[in-house]
Amino acid sequence: MDSSETNTKPANGTTQDPLSPQHQVHSPDEPLIAREDLQPSELPRSGGSRFHEEVTGEQGKNAFNSERPLDVKPTQAGVARGGQEDLPMGKASFLDKVIGKAEKVIGKATHNDDMHEAGELREAGGKKAVIGEARAPHD
């Protein structure tokens, strides 16, 4: 078997499908665009990359610099409604984790930020974290 046969036939011995996608080789008169050639308005919109921060001066959203639903604020060790530091750390039971996951999914699917946030709190810190009697660990 010579090298031309290995390039045209897959390992199973069948011929290659002519309609399958092929790799496109660019000709020298079609230069690829380098990153420095792009204008800031043409850059991909990704909020968390270092490249994005350097070019646009924007920083990605996180728990410390963005407003969260249900008045949830970060604390020294976890998150709590109203940012109360003196609350005990909540512990989610198995049922809390199941219900919390369901609330997160339904909240995300229906674009209900309050339900999504309540699901995150319940999944991490249990029912008491949702009603404001406990903190939930950072997610």
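The values are calculated or read from the model by the stated rules, or taken from the named source; none is laboratory data. As the structure is a computational prediction, the values presented were derived from the model and not from experiment. Neighbour counts run over all protein chains shown; Cβ positions are idealised from the backbone, glycine included.
Taking the stated definitions as given, is residue 53 touching a Gly at 6+ places or on another chain (Cβ under 8 Å), surrounded by 13 or more Cβ atoms within 10 Å (Cβ to Cβ) and modelled with pLDDT under 80? So residue 53 passes the test.
Only residues that are among the acidic types (Asp, Glu) and more than 13 Å from residue 68 (Cβ to Cβ): list them for region 84-139, please.
Just the residues of region 84-139 that are among the acidic types (Asp, Glu), to begin with: 85-86, 96, 103, 113-114, 117, 120, 123, 133, 139.
Matches in region 84-139: 85, 86, 96, 103, 123, 133.
Could you please find all residues in region 101-129 being buried (at least 17 other Cβ atoms within 10 Å of the Cβ) and in contact (Cβ under 8 Å) with a residue 24 or more places away in the chain? Correct list: 116, 117, 118, 121, 122, 123, 124, 125, 126, 127, 128, 129. With exposed (fewer than 15 other Cβ atoms within 10 Å of the Cβ) and either at pLDDT 90 or above or on the phi > 0 side of the Ramachandran plot (or both) as the only criterion, which of 94, 64 stands out? The unique qualifying residue is 94.
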